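The values are calculated or read from the model by the stated rules, or taken from the named source; none is laboratory data. Just so we're clear, the structure is a prediction, and the values are computed from it rather than from any experiment. Cβ: placed from backbone, ideal geometry, glycine included. Neighbour counts: every protein chain shown. Note: areas computed on protein heavy atoms with side chains; ligands, DNA, RNA excluded. Shrake-Rupley method; radii C 1.70, N 1.55, O 1.52, S 1.80 Å.
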Amino acid sequence: MPPEDELRRRTFIRTSLAAAAVAGTGFAAVGGAAPAASAAGRPTAGPAPAPAGPWDAFNLSPASRTVRPVAVRTSTGSVRRGRAPRGGGVGTVRLSGTGASVTLDFGQEVGGFVTLAFGAGTGADQVVALTYAELSTYVSTTASDASNGGTNDEPAVRYAATPGGTVDTRTDVPLAGADPVASANPASQLRGGFRYLTVVNDTSGTVELTGVTLAVGFAPNAADLRAYPNYFHCDDDLLNRIWYAGAYTVQTNIIAVGQGRTWGPPAVGWDNSAPVGEAGTTVLVDGAKRDRTVWPGDLGISVLTDYVSLGDLLTVRNSLQTLYNHQDPATGALPYAGPAVDFVGNSDTYHLWTLIGTAAYLQFSGDTDWMRGIYPQYRKAVTYITGKIAADGLLDVTASADWARTDADGKNIEANAIMYRALRTAGAPARAAGDSASADAWAALAATLKSAIADGGYWDEAAGLYRDKPTGDGAALYPQDGNALAVWFGLADDADRARTVSASLAKRWTAVGALTPEKGDGSVHPFPGGMEVHAHFTAGREATALDLIRREWGYMLNAPQGTASTFWEGYRSDGTSDYSGSYMSASHGWSTGPTSALTFHVLGIAPAADGGPDCTVAPRPGGLRSAQGRLTTPSGPVDVSWQAGPGGRFDLRFSAPAAVVGQVEVPVPDGAGHTVLFDGVPVWAGAGRSHGARRAGDRVRFDVRSGGAHTVSVRTG
């Protein structure tokens, strides 16, 4: 390779290894990395890594696919530890007598197959038992945290420990016992998400544990887990940590197509050897520990996170293709969940999320060939769901399975906001397939739906929020998801109303995040919470958005019982787990909304709202002083950096391929006396001078006609 490329590669690797040490809760890494693979199993390059910089200190991904625990959390019984080795790990641990145990801490969420090494001090005929936990709350010597989705009875798995021998959970057969699945199929024992591994001496002698390693199983298509093509960095380190924790959460949700959760679940134990993808080598599933299944609603957030950080759009396509493979050929209904769950036709909203994900994939990848191939199925799916639009122009939900919200049937505001988004973005797939007539018809349906919401009695002026439904029980429910989506997706495009919704939602916050009344029980749910974050930004209340990110996602990241690295499926306002306690997933892609919001709004590289191929550069500082980062588009990377100064001073630099950035917006305080300069030439000085410059609230917007590197400055006078 050219000398400058080799220097860049070495700098990136050196900085990444240093960053792992700086991060403090990272892995002790050994070994090498697996090669990337294309959909056909051949090596592939993918986007180039982002440049090295201070942002690498926040990257949580391991530098190797083999990692070790970094600490001992706790122990029981007679336990003696040796000195920790200089290269990392926890050193030799001697467990003497029945029930002696040690809980090993990997420092953050991990997943894969464990290997144990035993020393010569191990007695003959000894047995060890293993349990796993994501949260410290559920560390146990007798059972792993719940994951199988049925009985959730997951007792410790037992293995023979021999002097000088090893146990590899990928290949070694567990001892017969309470878990027949593990004994019959060692590959079932992949544990997709955990932070803590507890090793218990299940016999009366001595077990000398000399080493524990984990073969990382997630994102098997990534040659270098740390080599993100995109990055984000600002002057608030908590926000930097949150951006990268969101990226890492989604990375742990990328799995091999044959390593999903079986369904129906076994009566005892778990089995993560089910085929859950039918295209390529990897799919994007809902959670690391469980369900390990492609769920379309989760993709509504996790696809955005993947795009702005990992850039793994091939996995997104594989996931969508798998869903289309299970479309009902008679009706056009798409799955509520992919294989092995295979629920089809019982969720109108998740059907719509697949359509939204399809349009997003096209926009983010530019893959018109795949879109043309899938378009007959896509069009049939649109026809199926638009057939449920009533005479008043509103979607009337008849297949009411949803993300766990109540009141999910009928003409609820959440479903109609999702319907509006699906119709609004359907034009790009239609035009890619040469079907302009359908594009126009779907745009007309979107306009009619928007008017029907505006005139249909949903808005409650006194509450400053939309009702879930105009009448009945739904009239007393003001949902987080429906109100947030109405603003984010543009149903509430009146600026004053959008700000009113934002302010009203913020009044409902608790100490640990925003309430989700449509779930009930004092719940805080980061899935609709991420929608709310996007809504605050869309409403022009960026400081409010950042406050919520710090409160809710900062809580999850810093909670002492957490993974210190990934975001949870849902919890209660007292901070305890929702979803039946230990069954809660602590690494769930639907909870990563802030990662895309920070790129789209704070950094300011935002894709077109209608699904078109261009984007805007429109930073929203929200009280921050600086930010920089990258978003890789189908035409190449867009790089942005900005600094905010006193008196409305603002300096922006960006570079982009030709015809990618169509508009630029910068914050300009109200009142006279501010000039906006584009490449040193005034485009605004109280009024437009060139490039179509115009004021939009507290911002000035102008058109860009060329790619390359540019500067924008806001000055007084």
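Points to keep in mind about this one:
- Estimated FRET transfer efficiency when R0 is 56 angstrom, pair VAL681-THR448 (beta carbons, to 0.05): 0.80
- For the chain, lysine pairs with C-alpha atoms less than 15 angstrom apart, excluding pairs fewer than eight positions apart on the same chain, total 5.
- Kirkwood Rh in Å, taken over all unlike Cα pairs in the range 438-493: 11.9
- Projected label distance in nm at SER706 and SER655, using a 7 Å step from Cα toward the beta-carbon: 1.6
- Beta-bridge orientation, the chain: approximately 95 percent antiparallel, per DSSP, counting only bridges with both partners inside.
- The C-alpha radius of gyration of the range 408-548, expressed as a fraction of 2.2 N^0.38 Å, stands at 1.08.
- Residue-normalised accessible area of the chain, expressed per residue, 1.4 Å probe, Å²: 34
- Range of Cα positions in the range 156-220 per principal axis (Å), largest first: 39, 27, 20
- Dipole moment magnitude, nearest 20 debye, the chain about Cα centre, only Lys, Arg, Asp, Glu C-beta charged: 1780
- Multiplying the residue separation of ASP698 and THR398 by 0.36 nm and subtracting their alpha-carbon distance yields 103.7 nm.
- Note on the range 406-482: semi-axes of the ellipsoid equivalent to its C-alpha gyration tensor, largest first and rounded to whole Å, are 29, 12, 9.
- Approximate spin-label separation ARG508-ALA267, in nm, with each point projected 7 Å along Cα-to-Cβ: 4.3
- A DSSP coil position with no more than 12 other Cβ atoms inside 10 Å describes the following trypsin sites (Lys or Arg not before Pro) in the range 627-717: ARG705.
- A simple spin-label model places the labels of ARG689 and ALA71 5.7 nm from each other, with each point 7 Å out along Cα-to-Cβ.
- Relative frequency of Cα-Cα separations exceeding 39 Å in the chain, percent: 34
- Inverse mean reciprocal Cα-Cα distance (Kirkwood Rh) of the range 613-717, Å: 13.7
- Multiplying the residue separation of ARG80 and ASP521 by 0.36 nm and subtracting their alpha-carbon distance yields 154.3 nm.
- You can think of it this way: the chain between ASP455 and ALA160 has 99.3 nm of extra reach, that is 0.36 nm per residue less the Cα-Cα gap.
- Each other residue within a Cβ distance under 14 Å of THR122 adds +1 if Lys or Arg and -1 if Asp or Glu, for a net charge of -1.
- Options TYR248, THR315, GLY513, ranked by Cα towards positive dipole end of the chain, top entry (Cβ charges): TYR248
- With the highest mean first, a sort of the peptides 614-622, 357-365 on other beta-carbon atoms found within 10 angstrom per residue produces 357-365, 614-622.
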